[in-house]
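Student: Below are the structure tokens for one structure; questions will follow.
The values are calculated or read from the model by the stated rules, or taken from the named source; none is laboratory data. The model shown is predicted, which means the values in this text are computed figures rather than measured ones. Cβ placement follows ideal geometry from the backbone for every residue including glycine, while neighbour counts extend to all protein chains displayed. Only protein heavy atoms, including side chains, enter the accessible area calculation; ligands, DNA and RNA are left aside. Shrake-Rupley method; radii C 1.70, N 1.55, O 1.52, S 1.80 Å.
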Protein chains: 2
Amino acid sequence: MTTPRPDDSILPTAHSSPAEVRRAAREGRLQAPTAGLAYGFVQANLVILPEPQANGFLRFCQANPKPCPLLAVSEPGARSCATLGSDLDLARDVPAYRVFREGRLQATVSDVEAEWRDDLVTFALGCSFTFEHALQQAGLPVRHIEEGRNVPMYRTSIPLVPAGGFAGHLVVSMRPMKAADAIRAIQVTTRFPQAHGAPVHLGDPSRIGIADMRSPDYGDAVSVGEGELPVFWACGVTPQQVLMDAGVEFAITHSPGHMLVTDIPDSELALL
Amino acid sequence: MTTPRPDDSILPTAHSSPAEVRRAAREGRLQAPTAGLAYGFVQANLVILPEPQANGFLRFCQANPKPCPLLAVSEPGARSCATLGSDLDLARDVPAYRVFREGRLQATVSDVEAEWRDDLVTFALGCSFTFEHALQQAGLPVRHIEEGRNVPMYRTSIPLVPAGGFAGHLVVSMRPMKAADAIRAIQVTTRFPQAHGAPVHLGDPSRIGIADMRSPDYGDAVSVGEGELPVFWACGVTPQQVLMDAGVEFAITHSPGHMLVTDIPDSELALL
């Protein structure tokens with residue numbers, strides 16, 4: 001007779017270890033977004049592609065490090081990745097996956113064991129949670145967290161560097177701040193090039209092809225206060241958009257907000 | 001019979017050593033601004049005060065490092081300062097000095113040997129030339145240099161931290177840039193905290209009490225292009241303004257643009 005371990009029956013929290021969060025996702029107990037779980041550890045965007053497309057996508061990431069900052073690339077077919085964590089299953093440890101076929105979203109599923117193939121290569125890309133933790137620790141406002149919303153994201157006119165058969169335009173996330181806070185936020189996020197790094201733009205949204213800030217292309221609109229500037233960072237939604245635009249035959253990604261929680265401390269990504 | 005040395009008869013250039021520039025100033029051959037001379041070496045703002053006021057001014061600099069970044073403080077009465085350079089005379093090596101009495105500019109002179117006193121303490125403060133060299137090396141625009149003008153400077157509503165009997169408001173210099181260049185300029189100038197460091201504001205000038213950018217309080221107006229943001233840095237004119245506002249009985253400073261050229265390489269002030 002076995003007694004259930006306490007952490008098998010409860011949902012993970014900010015104080016859970018990354019392995020506990022991954023186990024909860026693997027066992028189907030966690031199907032929710034991962035924001036705030038295992039606080040202080042790096043969460044990753046996932047992109048999973050068959051090897052021929054993966055080889056091109058790796059060149060694309062190398063050419064576009066701000067939207068696609070590489071944390072790790074798996075060997076073909078591998079479901080583990082030692083640099084991201086031990087006790088880790090790439091096919092089950094994300095709370096929700098998206099499956100794309102012919103460039104279109106086909107299904108959102110809790111694991112991709114049934115889809116797994118020996119030629120699949122997994123890309124783990126840094127995510128804005130890492131720099132948002134650093135902004136909060138610096139006492140800077142993160143409006144969508146204050147307002148309990150998703151970060152607003154916008155398609156822009158900023159071209160990506162075409163490479164490996166992929167191309168398109170940058171998607172950005174936006175956080176409004178007063179000018180002095182924006183200057184400090186540039187300093188803070190510059191320390192985290194593997195989590196999108198410094199902003200790509202600030203001020204007038206029309207300069208980067210955003211017509212209406214109140215209508216984000218993804219996520220939720222947030223309020224912009226008197227005297228605040230919108231500050232724009234490269235966003236991890238960019239690669240999903242690029243994969244769809246390329247009409248790739250088959251791809252798996254995490255579902256937005258449902259990230260892979262790694263064993264890497266946020267501080268390990270800091271340049272200094 | 002002595003033959004004049006070649007560098008005694010010509011004006012110093014970008015390729016001169018700092019000691020050659022100082023010697024030209026000392027001998028009265030150089031009475032012009034020092035911008036561009038002995039390129040790659042730190043130039044300094046000077047403030048010279050009797051010891052009682054100097055003790056308070058040192059506390060003021062410590063409390064306001066962005067406008068008053070301390071490079072060196074001399075011993076009372078000393079006319080040399082080893083950390084700034086060898087073969088250096090604080091009373092003669094600046095091409096033009098300003099003498100203030102009772103908070104008012106009394107004279108602009110080529111040396112202050114006649115004014116020298118045993119209780120005078122000299123403050124050398126970092127200057128924007130250092131970060132402008134870094135901006136240029138990063139390929140960023142420095143508009144007033146492009147346009148052959150003095151940098152535009154503005155009195156602001158940003159209060160200084162009162163200390164040592166001194167108080168007032170920040171004076172800023174302004175360089176217009178496109179947003180992406182402004183972000184890069186923040187990164188570049190963050191490396192130089194001893195040369196005013198990162199900007200204090202960008203965007204809407206009225207937020208910091210500047211009513212009309214076309215009418216700078218010091219220096220010359222420069223053109224601001226379509227899609228450019230004004231970017232504002234703390235300025236070394238601030239301490240001169242503060243000394244005048246305090247009505248100090250006696251003070252000497254450099255004359256704007258006529259700096260002390262030190263033996264310190266610009267790169268030595270870089271954080272990393």
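Student: Unpartnered cysteines of chain B (Cβ-Cβ under 4.7 Å counts as a partner)?
Tutor: Cysteines lacking a close Cβ partner in chain B: B:Cys81, B:Cys127, B:Cys235.
Student: Which shape class applies to the protein assembly as shown: rounded if a/c is under 1.5, otherwise prolate when a/b exceeds b/c and oblate if not, where a ≥ b ≥ c are the square roots of the Cα gyration tensor eigenvalues?
Tutor: prolate
Student: When a/c is below 1.5 the answer is rounded, else prolate if a/b is larger than b/c, else oblate, so apply that to the stretch A:205-272 with a ≥ b ≥ c taken from the square roots of the Cα gyration tensor eigenvalues.
Tutor: Verdict is oblate for the stretch A:205-272.
Student: Using R₀ = 45 Å, calculate the FRET efficiency as 1/(1 + (r/R₀)^6) where r is the Cβ-Cβ separation of A:Asp220 and B:Arg214; round to 0.05.
Tutor: Working from the Cβ atoms, E equals 0.65.
Student: Using a probe radius of 1.4 Å on heavy atoms only, what accessible surface per residue do you get for chain A? Whole Å² is fine.
Tutor: Heavy-atom accessible area per residue stands at 41 Å².
Student: Run the label-point distances for A:Pro159 please: 7 Å along Cα to Cβ, every other copy, nanometres, shortest first.
Tutor: 5.1
Student: Put a label point 7 Å from Cα along the Cβ direction on A:Pro33, then list its distances to the equivalent points in the other copies in nm, shortest first.
Tutor: 5.2
Student: Shifting gears a bit: Above 22 angstrom, tally the Cα pairs of the stretch B:130-239 and express them as a % of all pairs, no decimals. Spell out each step's value before the answer.
Tutor: Values: 1610 of 5995 pairs.
Considering the stretch B:130-239, 27 percent of its Cα-Cα pairs are separated by more than 22 Å.
Student: Related question: Partner chain Cβ atoms within 10 Å, averaged over the residues of A:174-186 - can you pull that number for me?
Tutor: For this peptide, the per-residue mean of nearby foreign Cβ atoms is 4.
Student: Same structure, new question: Distances from B:Arg59 to the same position in the other copies: list them in nm, one decimal, shortest first, using label points 7 Å from Cα along Cα→Cβ.
Tutor: 6.6
Student: Thinking of the stretch B:26-141 as a set of Cα atoms, what percent of all their pairs are more than 23 Å apart?
Tutor: Of all Cα-Cα pairs in the stretch B:26-141, 33 percent lie more than 23 Å apart.
Student: When only the heavy atoms of the protein chains count and the probe is 1.4 Å, how do B:His258, B:His15 rank by accessible area, highest first?
Tutor: From most accessible down to least: B:His15, B:His258.
Student: Related question: Tell me the total accessible area that B and A bury against each other, 1.4 angstrom probe, in square angstrom rounded to 100.
Tutor: That pair hides around 1300 Å² of surface in total.
Student: Taking each residue of A:192-201 in turn, how many C-beta atoms of other protein chains fall within 10 Å of its C-beta, and what is the average?
Tutor: The mean count of partner-chain Cβ atoms within 10 Å per residue comes to 2.
Student: Give the carbon-plus-sulfur fraction of the accessible surface of the protein assembly as shown in %, rounded to a whole number; probe 1.4 Å, heavy atoms of protein chains only.
Tutor: Carbon-and-sulfur percentage of accessible area, whole number: 52.
Student: I'd like the distance between the alpha-carbon centres of the stretch B:120-197 and the stretch A:133-181, rounded to an integer number of Å.
Tutor: With the stretch B:120-197 and the stretch A:133-181 each reduced to a Cα centre, they are spaced 28 Å.
Student: Sticking with this one: Scan around B:Asp263 for amide H atoms under 5 Å from its own, H built in the peptide plane at 1.01 Å from N, and keep only partners 5 or more places away or cross-chain.
Tutor: Here the answer is B:Gly85, since their amide H atoms fall under 5 Å of that of B:Asp263.
Student: For the ranges A:139-150, A:49-60, what's the packing order if you count other beta-carbon atoms within 10 Å of each residue, average per peptide, and put the highest first?
Tutor: Highest to lowest by the protection proxy: A:49-60, A:139-150.
Student: Just which residue of chain A brings its Cβ nearest the axis of rotation onto chain B, and by how many angstrom, rounded whole?
Tutor: Per the A/B rotation axis, the closest residue of A reads A:Ile186, 2.
Student: Which shape class applies to chain A: rounded if a/c is under 1.5, otherwise prolate when a/b exceeds b/c and oblate if not, where a ≥ b ≥ c are the square roots of the Cα gyration tensor eigenvalues?
Tutor: oblate
Student: Expected output is a single nm value to one decimal: the length gained when fully extending between A:Trp116 and A:Arg101, i.e. 0.36 nm times separation in residues minus the C-alpha distance. What is it?
Tutor: 4.0 nm
Student: Over chain A, with a Gaussian network built from C-alpha contacts below 10 Å, which listed residue (A:Cys68, A:Cys127, A:Cys81) shows the highest mean-square fluctuation?
Tutor: A:Cys81
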